[in-house]
Amino acid sequence: MQDYNPDKNILKERIILITGAGSGIGQAAAKKFAEHGATVVLLGRNERRLEETYDQIDAAGWSTPALIPFDLEKAPKEDYYALGESLYQEFGQLNGLLHNAAKLALLSRIDDFDPETWNSVIQVNLNAAFLLTQACLPLLRKAEDASILFTSDQVGRKGRAYWGAYGVSKFAVEGLMQTLADELENSQIRVNSIAPGPTQTSLRAWAYPGEDPTTLPQPDHIMSNYLYLMGPDSKAIHGQALSAPAETQADISST
């Protein structure tokens, strides 16, 4: 996937919704999808950051994006269904859904993890993904070809001490992906997850404050993986828990 070099218009006329589109991997994915022809729907809590992504896409001359400020933690379920209806009225269908927004909150022993923080992390990372998927499935079914992609994490595939609700939520996201993939086995919708590995993001910086971020790849450098999995060339990839290849981490000094 890392050497993937598709036609510039591989996503032309496709509508793709990205959560957490205001920064990091979500922002990089929105720009990469727009660069390759998609109309992207930018969803996130921070309107100012979403506007920055919007402005960068607009300045590049790519298809004008849509911007949706939306609090995944606090929005009631009715707001998710209203969002789905709004997308239907505006676009009629979706070709892609990238679940990228995530909350870490704290690293702690299970002994000390307070229930309020636990529930908050689970809500953003898991429950919101469930509700948004449920709201968007009718739109994805209207497309001839569609992709649902979850940004996962290695701590959601092998448990690690102190990662608490974040790690557990990522395990659950993998379960959601596999369950959904099995249900959609005979449909035109493919479902996968990808663990991007250590990347220069605010979440990574918070978790590893002593780490030199210049030793890590920027989100842009893993976008070939996201582009491939979101586009039509990955039609045969379904129900897979994938990882950004190790070579993504190599030769950072040359970038």
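Ratio of alpha-carbon Rg to the 2.2 N^0.38 Å globular estimate for the chain, to two decimals, please.
0.95
Need the C-alpha centroid separation for the stretch 52-120 versus the stretch 1-49, integer Å.
If you average the Cα positions of each part, the centres end up 13 Å apart.
Can you tell me the order of 10-21, 183-194, 58-69 when each peptide is scored by its average per-residue count of other Cβ atoms within 10 angstrom, highest first?
10-21, 183-194, 58-69
Please tell me the relative contact order of the chain in percent, rounded to the nearest whole number, where contacts are Cα pairs under 8 Å and at least six residues apart.
That works out to 20 percent.
Please state the equivalent ellipsoid semi-axes for the stretch 87-212: what are the square roots of 5 times the Cα gyration tensor eigenvalues, largest first, in whole Å?
With the √(5λ) rule applied to the stretch 87-212, the semi-axes are 30, 15, 14 Å.
For a quick protection proxy, order the peptides 107-120, 144-157 by their average other-Cβ count within 10 Å, most packed first.
With the highest mean Cβ count within 10 Å placed first, the list reads 144-157, 107-120.
If packing is taken as the average number of other Cβ atoms within 10 Å across a peptide's residues, how do 162-175, 206-219, 85-98 rank, most packed first?
162-175, 85-98, 206-219
Just going by the charge dipole of the stretch 160-248, with Lys and Arg at +1 and Asp and Glu at -1 on Cβ, which of 241, 208, 221 is farthest out on the positive end?
Among 241, 208, 221, the one farthest towards the positive end of the dipole of the stretch 160-248 is 208.
Nearest 500 deg cm²/dmol is fine: what mean residue ellipticity at 222 nm does the chain get from its DSSP H runs of n ≥ 4 alone, each adding -39,500 (n - 2.57), divided by its residue count?
About -11500 deg cm²/dmol.
Over the stretch 12-113, what is the mean sequence separation of C-alpha contacts under 8 Å (at least six apart), divided by residue count, expressed as relative contact order in percent?
In percent, rounded to a whole number, it is 33.
When averaged across all projection directions, what area in nm² does the alpha-carbon convex hull of the stretch 1-135 cover?
Average of the hull's projected areas for the stretch 1-135 equals 9.4 nm².
Remind me, relative contact order of the stretch 113-255 in percent, using alpha carbon pairs under 8 angstrom and six or more residues apart?
26
Where a number appears in this text, it was derived from the coordinates with a stated rule and is not lab data. Predicted, not measured: the structure shown is a model, and the values here were computed from it. Glycine gets a Cβ as well: all are built from the backbone with ideal geometry, and neighbour counts include every protein chain shown.
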